[in-house]
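K.L.:
Please read through the structure below; I'll follow up with questions.
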Amino acid sequence: MKKIQMVDLKGQYEGIKKEVNDSIAEILDSSAFINGPHVHAFQKELETYLGVKHVIPCANGTDALQICMMGLGLQPGDEVITADFTFAATVEVIALLNLTPVLVDVDPDTFNIDVAAIEQAITPKTRAIVPVHLFGQCADMDAIMGLAKKHNLYVIEDNAQAIGANYTSRDGSKQKAGTIGHVASTSFFPSKNLGCYGDGGAIFTNDDDLAHTIRGMVNHGMYKRYYHDVVGVNSRLDSIQAAVLRAKLPHLDIYNEKRRQAARKYSAAFVGQPNIMVPKTVNGCQGICDVCDCHVFHQYTLKISNGKRDALVQHLNDNNVPCGVYYPVPLHQQKAYKDDRYNGADFPVTNQLVGEVISLPMHTELDDEQISFITDLVIDFVNA
Ligand SMILES: *Cc1c(COP(=O)(O)O)cnc(C)c1O
């Protein structure tokens, strides 16, 4: 059996080696390292893929989030609501801009932000909601957009983990993750579903004015060279990363389908296991039906309900199966973000999830032998 990896970037590279190498060689020859033609071409190709008016490439997904908030003109003291169960980047940029983070609990089945908890957290100071499309599927965007409209709030989608996922609204219309809110951020960190070979990120929006503001902000607040109209940042996608992304974008749907296939096989093997909860999709289809395209499985995350999660992590590692605990600490308990405003009792789901979740290897190169080996190990151990 091939060695099992959490993410197999090398295996994926083998399949696109010529495209990537040729593209990079072209950039080395042209010396257009920053904002070269590949960056512009990638921007256009991603706009077409997503069906969104504007893609603004930038240096990484964390910058993308920060620039979204700057572009919307959020001011110190404004409250921004986001999930307690996510990667820290979301709350980090809120804090960096001296905005006030307001963390709320998540849904136990989808791991995404709990809409009822958002509604309870809204105050006259609330300006924005940041749903994180965690592990590869959208938060309940119909409900979130409804709340935003009612309370006149901005919605910033953190789409770092769900690029390519579809969201089906209650009225049956379909949109790509990251094109539903007022603005969205994504990351092209190598292990993301669309990853480059270094750092990279982008912002998406359908709002022409906001896109214009943001295009200047990512480049020192310049709209005309050496004329600085607003305080900006230096956050650009370099041409070599754009070239890698151009080679990979045409494969994104296939890559995501491969992840779904692996997820279906995992979930099928765990059917009927009382202590192993498989990830659920928003449509309630369990993510294992053949037609579901709402989940792109950035992570395949189980809940182990009989207290054996930590021992299972050890057992898998002992058997050379990598795994991850995303995330081990609720944000409201992280040293950097602790605050007397938070009451632990308001986060029952997150507090429980941090002790139960385990993410199994998930990437485009997993084969049946590896998946059976992993599922057998998990089932035997959890039931023993
Ligand atoms: C990866 C990630 C980010 C940050 O992206 P970087 O490119 O690493 O800065 C932000 N939010 C979420 C949910 C992520 O998974």
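The values are calculated or read from the model by the stated rules, or taken from the named source; none is laboratory data. Remember, predicted model here, so these are calculated numbers, not experimental data. Quick reminder, even Gly has a Cβ in these numbers, built from the backbone with ideal geometry, and neighbours come from all protein chains shown.
K.L.:
Does segment 55-71 contain at least one residue that is within 11 Å of the ligand (Cβ to nearest atom) and β-branched (Val, Ile, Thr)?
P.N.:
Here is the first cut: in segment 55-71, the ones within 11 Å of the ligand (Cβ to nearest atom) are 58-66.
Pick out the ones that are also β-branched (Val, Ile, Thr) and you get 62.
Among the residues of segment 55-71, at least one is within 11 Å of the ligand (Cβ to nearest atom) and β-branched (Val, Ile, Thr), which makes the answer yes.
K.L.:
Okay, next question. Out of (1) more than 14 Å from the ligand (Cβ to nearest atom); (2) in the same structural domain as Ile163 (by TED's automatic domain parsing), the odd one out for Lys3 is which?
P.N.:
(2)
K.L.:
Which ones in segment 48-88 are without any contact (Cβ under 8 Å) to a residue 24 or more places away in the chain and farther than 28 Å from Gln120 by Cβ?
P.N.:
Within segment 48-88, Thr48 is the sole residue that qualifies.
K.L.:
If I ask for residues that are under 28 Å from Gly11 (Cβ atoms) and in contact with a Phe, Trp or Tyr (Cβ under 6 Å, 6 or more places away or on another chain), which ones from segment 350-374 would you list? Can you show your working first?
P.N.:
Just the residues of segment 350-374 that are under 28 Å from Gly11 (Cβ atoms), to begin with: 357-374.
Within segment 350-374, Ser359, Leu360, Met362, Thr364 meet the criteria.
K.L.:
Checking Ile374 against (1) in contact with a helix residue (DSSP H, G or I) (Cβ under 9 Å, 6 or more places away or on another chain); (2) more than 30 Å from Leu99 (Cβ to Cβ); (3) part of a loop (DSSP other than H, G, I, E, B): exactly one of these is not met. Which one?
P.N.:
Ile374 satisfies every listed condition except (3).
K.L.:
Looking at segment 99-122, is at least one residue within 16 Å of the ligand (Cβ to nearest atom), touching a helix residue (DSSP H, G or I) at 6+ places or on another chain (Cβ under 9 Å), β-branched (Val, Ile, Thr) and closer than 25 Å to His212 by Cα?
P.N.:
No: segment 99-122 contains no residue that is within 16 Å of the ligand (Cβ to nearest atom), touching a helix residue (DSSP H, G or I) at 6+ places or on another chain (Cβ under 9 Å), β-branched (Val, Ile, Thr) and closer than 25 Å to His212 by Cα.
K.L.:
Can I ask one more? Please state which one of Lys10, Lys53, Lys17, Lys44 is under 30 Å from Ile358 (Cα atoms), of a type in the set (D, E, K, R) and out of contact with any His (no Cβ under 9 Å at 6 or more places or on another chain). Even if it seems obvious, please write down each step before you answer.
P.N.:
Working: Lys53 fails: under 30 Å from Ile358 (Cα atoms); Lys17 fails: under 30 Å from Ile358 (Cα atoms); Lys44 fails: under 30 Å from Ile358 (Cα atoms).
Going through Lys10, Lys53, Lys17, Lys44 in turn, just one is under 30 Å from Ile358 (Cα atoms), of a type in the set (D, E, K, R) and out of contact with any His (no Cβ under 9 Å at 6 or more places or on another chain): Lys10.
K.L.:
What about Arg215, is it more than 16 Å from the ligand (Cβ to nearest atom), in contact (Cβ under 8 Å) with a residue 24 or more places away in the chain and either closer than 28 Å to Ile240 by Cα or outside the structural domain of Pro108 (by TED's automatic domain parsing) (or both)? Please lay out each step first, then the result.
P.N.:
Working: more than 16 Å from the ligand (Cβ to nearest atom): yes; in contact (Cβ under 8 Å) with a residue 24 or more places away in the chain: yes; either closer than 28 Å to Ile240 by Cα or outside the structural domain of Pro108 (by TED's automatic domain parsing) (or both): yes.
So Arg215 fits the description; yes.
K.L.:
With Asp171, Asp105, Asp158 as the choices, which residue is among the acidic types (Asp, Glu) and under 20 Å from Arg341 (Cβ atoms)?
P.N.:
Details: Asp171 fails: under 20 Å from Arg341 (Cβ atoms); Asp158 fails: under 20 Å from Arg341 (Cβ atoms).
On inspection, the qualifying residue turns out to be Asp105.
K.L.:
Sticking with this one: Taking the condition within 17 Å of Phe85 (Cα to Cα) and either in a loop (DSSP other than H, G, I, E, B) or aliphatic (A, V, I, L, M) (or both), does Leu353 pass? Working first, answer last.
P.N.:
On the way: within 17 Å of Phe85 (Cα to Cα): yes; either in a loop (DSSP other than H, G, I, E, B) or aliphatic (A, V, I, L, M) (or both): yes.
Criteria met by Leu353.
K.L.:
Then there's this: Does segment 153-168 hold any residues that are within 16 Å of the ligand (Cβ to nearest atom) and either in a strand (DSSP E or B) or β-branched (Val, Ile, Thr) (or both), and which are they? Please lay out each step first, then the result.
P.N.:
From segment 153-168, those within 16 Å of the ligand (Cβ to nearest atom) are 155-165; that's our starting set.
Within segment 153-168, Val155, Ile156, Glu157, Asp158, Ile163 qualify.
K.L.:
Check Ala262 against each of (1) surrounded by 16 or more Cβ atoms within 10 Å (Cβ to Cβ); (2) closer than 27 Å to Arg127 by Cα; (3) among the hydrophobic types (A, V, I, L, M, F, W, C) and name the one condition it does not meet.
P.N.:
(2)
K.L.:
A follow-up question, please. Among the residues of segment 123-152, write down those that are more than 16 Å from the ligand (Cβ to nearest atom) and in contact (Cβ under 8 Å) with a residue 60 or more places away in the chain.
P.N.:
Selection gives Asp140 alone.
K.L.:
To continue, here is another question. Just give me the residues in segment 72-93 being among the charged types (D, E, K, R) and more than 11 Å from the ligand (Cβ to nearest atom), in sequence order.
P.N.:
Narrowing segment 72-93 to residues among the charged types (D, E, K, R): 78-79, 84, 92.
Matches in segment 72-93: Asp78, Glu79, Asp84.
K.L.:
Can you pull out every residue in segment 169-197 that is more than 10 Å from the ligand (Cβ to nearest atom), in contact with an Asp or Glu (Cβ under 9 Å, 6 or more places away or on another chain) and touching a residue at least 12 places away in the same chain (Cβ under 8 Å)?
P.N.:
Taking segment 169-197 and keeping what is more than 10 Å from the ligand (Cβ to nearest atom), we get 169-184, 193-194, 197.
From the residues that got through so far, the ones that are in contact with an Asp or Glu (Cβ under 9 Å, 6 or more places away or on another chain) too are 169-171, 174, 177-184.
Correct list: Ser169, Arg170, Ala177, Gly178, Thr179, Ile180, Gly181, His182, Val183, Ala184.
K.L.:
Would segment 223-231 turn up any residue that is within 15 Å of the ligand (Cβ to nearest atom), of a type outside the set (Ser, Thr, Tyr) and either at pLDDT 95 or above or not assigned by TED's automatic domain parsing to the domain that holds Glu19 (or both)? Break it down stepwise before answering.
P.N.:
The initial filter retains those residues of segment 223-231 that are within 15 Å of the ligand (Cβ to nearest atom), namely none.
No - not one qualifying residue is present in segment 223-231.
K.L.:
Being at pLDDT 95 or above and touching a Pro at 6+ places or on another chain (Cβ under 6 Å) narrows it down to one of Leu237, Leu194, Leu210, so name that one. Talk me through it step by step, then tell me what you get.
P.N.:
On the way: Leu194 fails: touching a Pro at 6+ places or on another chain (Cβ under 6 Å); Leu210 fails: touching a Pro at 6+ places or on another chain (Cβ under 6 Å).
When all the criteria are applied, what remains is Leu237.
K.L.:
Going by the structure shown, is Asp171 of a type outside the set (Gly, Ala, Ser) and not in a loop (DSSP other than H, G, I, E, B)? Quick ask: steps written out before the conclusion?
P.N.:
Values: of a type outside the set (Gly, Ala, Ser): yes; not in a loop (DSSP other than H, G, I, E, B): no.
No, not satisfied.
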